[in-house]
Amino acid sequence: MADVATAMRGGDGVAFLVSAGIVYEIIAAACSSPQTTEINAKSRSDTLMKWVHIGIVQAGIFVVVAAMLDRPHRTSIVAGGGLAMVLMYGQYRHALSAGLASSAPGTESY
């Protein structure tokens with residue numbers, strides 16, 4: 001049987017996942033998905049990376065504050081948030097490059 005009291009205290013794994021999750025959530029709130037970005041890169045390329053960068057800054061602020069508030073888990077918080085930022089940034093850069101190189105039609109028309 002799981003010890004609920006121990007689980008509620010959390011640990012490095014929980015802190016790592018929460019930090020990574022907040023980065024994904026914040027960037028997703030600021031941007032479309034990488035898939036949509038790739039499909040419509042030709043029409044969105046002017047503003048796409050601006051919003052990815054804004055999302056990264058916002059996420060970074062939350063990760064830093066969380067690390068300051070939870071000093072025992074700060075390494076895991078920063079590691080989880082940092083890894084998620086790198087992975088998400090890479091996905092959006094790839095989506096932009098692949099979409100601009102593609103000859104497939106997008107789903108948006110103006």
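Yes or no, residue by residue, for (1) of a type in the set (S, T, N, Q); (2) over 16 Å from VAL86 (Cα atoms); (3) at pLDDT 90 or above:
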site	(1), (2), (3)
ASP3	no, yes, no
ASP12	no, yes, no
ALA20	no, no, no
ALA28	no, no, no
GLN35	yes, yes, no
ASN40	yes, yes, no
MET49	no, no, no
VAL52	no, no, no
ASP70	no, yes, no
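Each row is one residue, and each column tells you yes or no for (1) out of contact with any Lys or Arg (no Cβ under 8 Å at 6 or more places or on another chain); (2) outside any loop (DSSP other than H, G, I, E, B); (3) of a type in the set (Val, Ile, Thr).
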position	(1), (2), (3)
ILE26	yes, yes, yes
GLN58	yes, yes, no
HIS73	yes, yes, no
VAL78	yes, yes, yes
GLY90	yes, yes, no
THR107	yes, no, yes
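Does ALA59 count as within 16 Å of the chain's Cα centre (by Cα), within 18 Å of GLY13 (Cα to Cα) and not acidic (Asp, Glu)? Don't jump to the end; show me each part of the working.
Working: within 16 Å of the chain's Cα centre (by Cα): yes; within 18 Å of GLY13 (Cα to Cα): no; not acidic (Asp, Glu): yes.
Judged against the criteria, ALA59 is not a match.
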**Message:** Quick check on my filter: what residues within segment 53-110 are hydroxyl-bearing (Ser, Thr, Tyr) and either surrounded by 14 or more Cβ atoms within 10 Å (Cβ to Cβ) or touching a Cys at 6+ places or on another chain (Cβ under 8 Å) (or both)?
**Reply:** SER76, TYR89, TYR92
**Request:** Specify which of the listed residues (VAL52, VAL23, VAL18, VAL64) is of a type outside the set (Asp, Glu) and free of Cβ contacts under 8 Å to residues at least 40 places away in the same chain.
**Result:** VAL64
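The values are calculated or read from the model by the stated rules, or taken from the named source; none is laboratory data. As the structure is a computational prediction, the values presented were derived from the model and not from experiment. Virtual Cβ from ideal backbone geometry, glycine too; neighbours counted across all protein chains shown.
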